[in-house]
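Reading through the structure tokens given below for one structure.
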Amino acid sequence: MILHIDRFQNMMRQIYFHRDARRGAQDTYLWLVEEVEELGEAIRGENKKALENEFADVLAWLASLANVVDVKLEKAALGKYNEKCPKCKQRSCECPNQ
Ligand SMILES: [Zn+2]
């Protein structure tokens, strides 16, 4: 199964939007931040499954937040990162110091 970003975001909308909308953008953002912190802890550990779970949670909360503020993740991502670096315009980034 290929999971397109747009499809994943719609799936998150179907499962969680009634709760996400009630919580609102600011609190949903705080959940995303907490999940990013948990991802930061997981990359210091050695548990691959736990690491995968944290990536999934970050992606899920990012999609939830995008739903609450009515942003299409796939459109936003491809609008900025479409096969090349948005800064140096190269297919393999040549920006200094990144
Ligand atoms: Zn670049």
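Per-structure values
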| item | result |
| --- | --- |
| Residue in the range 37-53 that is in contact (Cβ under 8 Å) with a residue 40 or more places away in the chain and within 24 Å of His4 (Cα to Cα) present | no |
| Some residue of the range 4-13 being outside any helix (DSSP H, G or I), within 16 Å of the ligand (Cβ to nearest atom) and modelled with pLDDT under 95 | no |
| Glu38 more than 16 Å from the ligand (Cβ to nearest atom), surrounded by 13 or more Cβ atoms within 10 Å (Cβ to Cβ) and more than 12 Å from the chain's Cα centre (by Cα) | yes |
| Cβ pairs under 6 Å, 6+ apart, first in the range 70-98 and in contact (Cβ under 8 Å) with a residue 60 or more places away in the chain, second not hydrophobic (A, V, I, L, M, F, W, C) | Leu73/Gln9; Glu74/Asp6 |
| The range 62-96 - residue that is away from the ligand (no atom under 16 Å from the Cβ) and either part of a loop (DSSP other than H, G, I, E, B) or among the polar types (S, T, N, Q) (or both) and, of those, surrounded by the most Cβ atoms within 10 Å (Cβ to Cβ) | Ser64 |
| Filtered residue count, the range 22-46, keeping only those that are at pLDDT 95 or above and either in contact with a Ser or Thr (Cβ under 9 Å, 6 or more places away or on another chain) or not in a helix (DSSP H, G or I) (or both) | 7 |
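The values are calculated or read from the model by the stated rules, or taken from the named source; none is laboratory data. As the structure is a computational prediction, the values presented were derived from the model and not from experiment. Cβ atoms come from the backbone with ideal geometry, glycine included; neighbour counts cover every protein chain shown.
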